[in-house]
Amino acid sequence: MMSNLPITRIVCLRTSLPVLFVLVLTAASVANADRADFSDAAPIRNPLNWRAERHHVTPTFGFSVNDEYTRALSAGLSYRYYFNNWVGVGVDFMATYVSLDTGLTEQIEAKLTQPGQTGRPSLATPGFLVTASATFVPIYGKMMWFGSLPVAYDIHFLLGAGMATIAGEGRIDDSVTWTPMVGVGTRLFFSDWIAVEMTLRDYIIEYAKAAPAAVTAPKEDFEQHLMFTVGISFVFPPDLSREL
């Protein structure tokens with residue numbers, strides 16, 4: 001579909017920044033561990049349960065990172081309940097509140113618009129994204145920031161599925177479809193019950209992302225709707241317990 005548009009595709013920065021966030025945080029924790037010699041340290045007994053049997057409620061803001069034609073700004077809410085320190089289940093809700101044209105869309109419209117006839121392509125943007133998902137936490141621990149601030153962290157993976165609404169314009173109609181979702185993220189606990197969470201999510205959605213203005217029946221394809229999100233998690237109960 002994209003090859004039908006008369007403008008050469010412009011390669012944009014897509015996932016570098018979100019992935020860099022996760023890699024930097026991981027490298028920081030590893031480097032911090034390397035600076036100390038734990039060979040003679042006693043084993044950890046009764047570690048803290050940062051996630052086990054706790055509820056996480058996370059207001060979230062995000063933006064899409066792979067749209068050639070529109071840039072979606074979103075807000076939402078996530079909920080998780082963790083059965084233990086490494087697995088939890090919950091739901092995620094995201095809604096696009098602003099959709100901005102990219103430079104490519106502006107170039108296409110400017111070049112093809114003629115007197116009395118618009119050259120703006122037909123476009124579509126995911127609107128509401130609602131998914132049920134599981135979170136797996138294979139890596140977690142504690143590190144020191146700036147040599148004095150202890151921060152508990154984890155690196156987690158998301159796997160889920162749900163519903164996506166599509167907001168279309170021009171020849172692309174509004175629609176509703178199903179979508180699987182996968183993701184990877186990190187969480188930093190700055191207190192017993194408040195954490196910062198950063199996640200890169202990939203919603204795989206079948207829809208017509210864009211089409212020339214004259215096309216009456218745009219073809220639908222599976223598209224990756226990548227979204228980088230940042231949120232503040234509030235964890236309940238607020239008091240930490242220890243593993244027995």
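The values are calculated or read from the model by the stated rules, or taken from the named source; none is laboratory data. For clarity, every value in this text was computed on a predicted model and none was experimentally measured. Surface accessibility is based on the protein's heavy atoms, side chains included, excluding ligands, DNA and RNA. Shrake-Rupley method; radii C 1.70, N 1.55, O 1.52, S 1.80 Å.
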Straight distance only, please: which aspartates and glutamates reach the Cα of K219 with their own Cα at less than 20 Å, same-chain residues fewer than 8 apart left out?
-> D67, E68, E169, D173, D174, E206
Return the long-range amide H neighbours of K209 (sequence gap of 5 or more, or a different chain), with a cut-off of under 5 Å between placed amide H atoms.
-> D221
Compactness of the stretch 177-219 as Cα Rg over 2.2 N^0.38 Å, two decimals | 2.01
In whole percent, the fraction of accessible protein surface over the stretch 177-244 that belongs to carbon or sulfur atoms, probe radius 1.4 Å, stands at 64
Just the Cα atoms of the stretch 64-182, one point each, no solvent: what log10 I(q)/I(0) does Debye give at q = 0.11, 0.14, 0.15, 0.19 Å⁻¹?
-> -0.57, -0.77, -0.82, -1.04
How large, in percent, is the carbon and sulfur part of the accessible surface of the stretch 83-171 at a probe radius of 1.4 Å?
-> 66
Report, in whole Å, the centroid distance computed from the Cα atoms of the stretch 46-92 and the stretch 119-159.
-> 6
Debye sum, Cα scatterers, the stretch 156-244, no solvent: what log₁₀ I/I(0) at q = 0.19, 0.20 1/Å?
-> -0.92, -0.96
For the stretch 63-133, just run the numbers: alpha carbon Rg, then divide by 2.2 N^0.38 Å, N being how many residues it has.
-> 1.64
For the stretch 138-233, what is the accessible area per residue in Å², given a 1.4 Å probe and the full set of protein chains?
-> 46
